[in-house]
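Below is one structure, written out as structure tokens; comments come after it.
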Amino acid sequence: MGSALTVCHACDALQQRPPIEGYGKALCYRCGALLYRGFPQAYRVTLALQLTALLLFILMATFPFITLELKGSREETYLLSAAAIFFNYGMGGVGLVVAATTLVIPLLVTITTLLLLVVSAQARALRLLALLVRFQRFLAPWSMVAVFALGVMVTLIKLQQSATLIPGVAFWALLALLPVLALAQLSLAAIALWPAVAAPSGVSAAAVTAHQAGLCHCALCDNLAVAATAASHCPRCGSRWRSEHSRQSTVLALLITGTLLLIPANIYPIMSVYNFGRGQPDTILSGIIKLIEAHMWGLAVVIFIASILVPWLKLLTLYGLLYSTLHRGGWRPRERALLHRITEAVGVWSMTDIFIVALMAALVNLGTVATIAPGPGAIYFCAAVMVTMLAAAAFDTRTFWRDVEKSKTC
Ligand SMILES: [Zn+2]
Ligand SMILES: [Zn+2]
């Protein structure tokens, strides 16, 4: 076999690396996971998009976001004041998460990607490249610009009946960022950051997986090494080979933590609305009921899906998948892998409610006229969403095919 081999990160299947024309994508023949994409001029397009994103982030951080006018009072809100509002109510942790996921981490991902592009062009600095790729992959799931944009839209619809809202430069910068970041993600997946490696000689053509072929596969740099002689780390990038047993017990611990956090998240109030000093706290559920009473059905459905359906369904699905890896062996591995991919993709949208609370509290901060305050439920909810995201990410989907693969060495 020559150098045109690749290994699926999700199921360990060893396969030929087909060339891609135009904007196509290569999927794993066994589990359907994305292997890589095609994107003409991917390097130049990614560079241009990330530089544009950098400029838009600067506009987003420095210009006014939304101005609210209500009963003669006027309040100009900056993006970071939506995060800072939590500190006023002794909930600084949530404030830091909001600031990090909407601005700081997306900005860091953009800067890291730019550095990564520069370093990948210098084919010799592989350890530095590995460090940047690891950092970028660590941060990327916590970049929530699109989820934040959904939160902004819901907030604007909720408030437009009772107040006048004027979008600022930062608001338009946020909208412009959405297609820029989405395209940049597609084009980045088409760049071959690492020099191709020749597969070790003597690999059996009958082997389905890298493991069966006696190979260790590096999830970071796609390197292949003969398992029998391999050290504990990938010789090219220095990553540790993945071991799955420790990971599945981590998943269980995270799932239990997520469940324990989600209960108080639903019991404690997430937000309180005060009009002329009068008002009452709302839990997630009572907030949805109020939306229905106000005939805002669309918003009620969005909040119900993001804040109740997705978090609980995600926990239950992950429990089920974990149970299946222990007791159901090779049962429908492809479907289970798809279920895991969906679970991982939708989980982040649960943060919508936290962003709505942040924006409402930052915008409606008009002293005795009207004030919206975050409640303690927001702390538990934010933590529950983050812990469940970690659980989905830590899940090793290769275990769905475990019936054919015993005693993994790397
Ligand atoms: Zn696969
Ligand atoms: Zn490696």
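GLN185 fulfils the conditions (1) of a type outside the set (Val, Ile, Thr); (2) more than 16 Å from ligand 2 (Cβ to nearest atom); (3) more than 22 Å from GLN41 (Cβ to Cβ); (4) surrounded by fewer than 20 Cβ atoms within 10 Å (Cβ to Cβ) except for a single criterion, (3).
Here's the yes/no breakdown for (1) surrounded by 15 or more Cβ atoms within 10 Å (Cβ to Cβ); (2) over 19 Å from THR102 (Cβ atoms); (3) not acidic (Asp, Glu):
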{"position": "ILE288", "(1), (2), (3)": "yes, yes, yes"}
{"position": "VAL302", "(1), (2), (3)": "yes, no, yes"}
{"position": "THR317", "(1), (2), (3)": "yes, yes, yes"}
{"position": "GLY320", "(1), (2), (3)": "no, yes, yes"}
{"position": "LEU326", "(1), (2), (3)": "no, yes, yes"}
{"position": "ARG341", "(1), (2), (3)": "yes, yes, yes"}
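When each of LEU14, LEU51, LEU5 is tested for being loosely packed, with under 15 Cβ neighbours inside 10 Å and either at negative phi or small (Gly, Ala, Ser) (or both), the lone residue that passes is LEU51.
Evaluate the following for THR343: is it among the polar types (S, T, N, Q), out of contact with any Asp or Glu (no Cβ under 7 Å at 6 or more places or on another chain) and assigned to a helix (DSSP H, G or I)?
It is true that THR343 is among the polar types (S, T, N, Q), out of contact with any Asp or Glu (no Cβ under 7 Å at 6 or more places or on another chain) and assigned to a helix (DSSP H, G or I).
Within segment 16-26, at least one residue is at pLDDT 90 or above, farther than 22 Å from LEU165 by Cα, within 16 Å of ligand 1 (Cβ to nearest atom) and touching a Phe, Trp or Tyr at 6+ places or on another chain (Cβ under 7 Å).
Could you pull out the residue among ALA231, ALA225 that is crowded, with 20+ Cβ neighbours inside 10 Å, more than 23 Å from the chain's Cα centre (by Cα) and within 16 Å of ligand 2 (Cβ to nearest atom)?
Working: ALA231 fails: crowded, with 20+ Cβ neighbours inside 10 Å.
The match here is ALA225.
Taking each residue of segment 181-194 that is closer than 14 Å to ARG137 by Cα and looking for partners that are in a helix (DSSP H, G or I) with beta-carbon atoms closer than 8 Å, six or more apart or interchain, yields LEU188/ALA42; LEU188/THR46; LEU188/THR113; LEU193/LEU116; LEU193/SER120; LEU193/LEU129; LEU193/VAL133. The number of residues in segment 76-117 that are aliphatic (A, V, I, L, M) and not in a helix (DSSP H, G or I) comes to 1. Which of the residues spanning segment 201-244 are closer than 28 Å to ALA123 by Cα, among the charged types (D, E, K, R) and either within 16 Å of ligand 1 (Cβ to nearest atom) or not in a strand (DSSP E or B) (or both)? ASP222, ARG236, ARG242, listed by residue number.
When restricted to residues that are in a helix (DSSP H, G or I) and touching a residue at least 40 places away in the same chain (Cβ under 8 Å), segment 265-290 contains 4.
The values are calculated or read from the model by the stated rules, or taken from the named source; none is laboratory data. Here the structure is a predicted model, which is why all the values come from computation and not from measurement. Positions of Cβ are backbone-derived with ideal geometry, glycine not excepted, and every protein chain shown enters the neighbour counts.
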